[in-house]
């Protein structure tokens with residue numbers, strides 16, 4: 001493959017130069033490192049997130065809930081299961097931990113899940 005010279009790059013900057021073959025386009029992108037210069041589009045944050053905590057450890061559950069709270073989502077449906085440690089821990093976390101400033105309110109939907117509203121970024 002041909003290495004691009006300074007003259008080649010100067011020709012590319014001018015409006016009259018338009019590479020027409022795939023190999024040249026790839027070489028130009030590689031040389032100019034366009035993939036690093038052009039930011040990837042940010043995916044929009046969904047308004048409502050569903051978090052299923054079945055088969056999760058306490059640490060994994062905490063991490064997923066904190067990620068949801070800080071993601072910019074407006075609300076989440078958190079499925080803890082009807083029995084177990086996470087079903088008992090979540091209300092404590094929502095009221096008394098560093099998670100509580102992110103939560104506007106929460107309530108039980110049924111015996112195994114909670115609906116949570118988060119403070120969202122503007």
With 0.36 nm assigned to each residue of separation and the Cα-Cα distance removed, residue 54 to residue 104 gains 15.6 nm
Binning at 5 angstrom from zero up to the longest distance, how are the C-alpha pair distances of the chain distributed in percent? 2, 9, 17, 15, 9, 5, 4, 4, 6, 8, 8, 7, 5, 1, 0
Inter-label distance, nm, simple model (7 Å from Cα along the C-beta direction), residue 66/residue 97: 0.8
Per-residue Cβ contact counts at 10 Å, fewest first, order 28, 116, 85 as 85, 28, 116
The exposure ranking of 119, 107, fewest beta-carbon neighbours within 10 Å first, is 107, 119
Treat each spin label as a single point 7 Å out from the Cα along the C-beta direction, and report the residue 32 to residue 3 distance in nm. 2.1
With -39,500 (n - 2.57) per DSSP H segment of 4 or more residues and division by the full residue count of the chain, the 222 nm estimate, nearest 500 deg cm²/dmol, is -11500 deg cm²/dmol
quick note, the chain, DSSP beta bridge pairs, % antiparallel (nearest 5) is 70
Under the rule rounded for a/c under 1.5, else prolate if a/b exceeds b/c, else oblate, using alpha carbon gyration tensor axes a ≥ b ≥ c, the range 48-118 is classed as rounded
Sort 24, 80 so the one with the fewest other Cβ atoms within 10 Å of its own Cβ comes first. 24, 80
Report the paramagnetic label zone for residue 42: residues of the range 70-108 whose backbone N is under 14 Å from a point 7 Å from Cα along the Cα-to-Cβ axis. 70-73
Compute the distance in nm between two label points, each set 7 Å from the Cα along the Cα-to-Cβ direction, one at residue 11 and one at residue 74. 5.5
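All of the numbers you see were taken from the coordinates with simple rules; none came from a lab. Treat the numbers as computed from the prediction; the structure is a model and nothing was measured. Here the Cβ is made from the backbone with ideal geometry for all residues, glycine too, and neighbour counts use every protein chain on show.
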